[in-house]
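Each remark here refers to the structure printed beneath this line.
The values are calculated or read from the model by the stated rules, or taken from the named source; none is laboratory data. For clarity, every value in this text was computed on a predicted model and none was experimentally measured. When we count neighbours, we look across all protein chains shown, and the Cβ atoms used for this are built from the backbone with ideal geometry, even at glycine.
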Ligand SMILES: [Zn+2]
């Protein structure tokens, strides 16, 4: 009988993993699984197919080399659980996760820059250079991010006077 959340997590993931594996002992079942670089990020409600956690942001698809089964799992399960799987290239998971995080950051900061540049002439003049720097370095400087955030919050406070293009923040 599971006594706490951690035990329940272990029981749940063990049952799922054994159900999808050929070997029926945990340490041999784990050896059947591989990671081949299939991964991504999700903005919608994606559930981890190993533990059932409903809010997976970064997913990694692992496959069973013996029976061809596939599982799309969250990065927490990769770390907490699959790290002990010898066939799973954990360094590759870490590299891919860092790349996904960078992609999300560039996308989010790029969107904010785009919106702020519609409002602020200083940002508008520099937008192309800032976007290039963002893509090169994977982030904008703290100073630029502060300017963007001030521009957008001042615009949100201005309320109905904001341009219709300014996005959902202007509706508050
Ligand atoms: Zn999970």
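Looking at 104, 56, 78, which is the one that is closer than 30 Å to residue 151 by Cα and touching a strand residue (DSSP E or B) at 6+ places or on another chain (Cβ under 9 Å)?
Residue meeting the stated conditions: 104.
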Restricting to region 88-108, name every residue that is over 30 Å from residue 5 (Cβ atoms) and either within 16 Å of the ligand (Cβ to nearest atom) or in contact (Cβ under 8 Å) with a residue 24 or more places away in the chain (or both). 102, 103, 105, 106
Of the residues that make up region 55-77, is at least one more than 19 Å from residue 100 (Cα to Cα), in a loop (DSSP other than H, G, I, E, B) and within 11 Å of the ligand (Cβ to nearest atom)? no
Regarding region 42-53, can at least one residue be identified that is within 30 Å of residue 149 (Cβ to Cβ) and away from the ligand (no atom under 15 Å from the Cβ)? yes
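Has region 109-120 got at least one residue that is away from the ligand (no atom under 16 Å from the Cβ), loosely packed, with under 14 Cβ neighbours inside 10 Å and touching a residue at least 12 places away in the same chain (Cβ under 8 Å)?
No, region 109-120 contains no residue that is away from the ligand (no atom under 16 Å from the Cβ), loosely packed, with under 14 Cβ neighbours inside 10 Å and touching a residue at least 12 places away in the same chain (Cβ under 8 Å).
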Selection count where residues are within 13 Å of the ligand (Cβ to nearest atom) and closer than 17 Å to residue 79 by Cβ, scope region 7-33: 7
For region 78-87, name all the residues that are more than 10 Å from the ligand (Cβ to nearest atom) and surrounded by 20 or more Cβ atoms within 10 Å (Cβ to Cβ). 85
Those residues of region 121-143 which are under 26 Å from the mean Cα position of the chain (by Cα) and either buried (at least 19 other Cβ atoms within 10 Å of the Cβ) or modelled with pLDDT under 95 (or both), in sequence order: 130, 134, 140
